1. If I ask for residues that are in contact (Cβ under 8 Å) with a residue 12 or more places away in the chain and under 23 Å from the mean Cα position of the chain (by Cα), which ones from the range 49-64 would you list?
2. Yes or no: L89 among the aliphatic types (A, V, I, L, M) and touching a residue at least 60 places away in the same chain (Cβ under 8 Å)?
3. Would you confirm whether any residue within the range 31-39 is over 17 Å from the mean Cα position of the chain (by Cα) and among the β-branched types (V, I, T)?
4. Hey, which of the helices (runs of 4 or more DSSP H) in the chain, taking only ones fully inside, have at least 3 residues that are of a type outside the set (A, V, I, L, M) and open to solvent by 100 Å² or more (accessible area, probe 1.4 Å)?
5. If L17 satisfies all but one of (1) free of Cβ contacts under 8 Å to residues at least 24 places away in the same chain; (2) over 24 Å from K2 (Cα atoms); (3) among the aliphatic types (A, V, I, L, M), what's the number of the condition it fails?
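The values are calculated or read from the model by the stated rules, or taken from the named source; none is laboratory data. This is a predicted model, so every value here is computed, not measured. Please note: Cβ atoms are built from the backbone with ideal geometry, for glycine as well, and neighbour counts cover all protein chains shown. To get the accessible areas, we keep the full protein, side chains included, count just its heavy atoms, and leave off ligands, DNA and RNA. Shrake-Rupley method; radii C 1.70, N 1.55, O 1.52, S 1.80 Å.
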Amino acid sequence: MKKFYIVLMTIVVEALLLWGVSRILGWKLIDIIFLGGILIFGIKWLFSLYIHQENNEFNAYVKGDTGQDAGGVRPFEFNMTAIDAGLLLFIAGSFLITFGTYYSYFI
């Protein structure tokens, strides 16, 4: 149940954040909701990748400088958390909403 609330709060916070951005830019929310969701997920994913890369660099530096095994260099693995699930659900929902709104333009 706790994970459900985390997913729900992630979706609500992301929607409020994109609504605020749409108000600042003077655009309609429907125009930025899908690409904004992808952008937020991409930022989160790139931040995780960056942290992992920094840890690998530190471990390699310690191993090269002192000879001690500090954890080794490991490949990046994306782990699905409740926040990631909320971000992906938001992207899927916003795609459906955007597609439904602009359906007449696709035909």
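1. Scanning the range 49-64 gives L49, H52, Q53, N55, N56.
2. So L89 fits the description; yes.
3. no
4. 2-25, 29-66, 103-106
5. (2)
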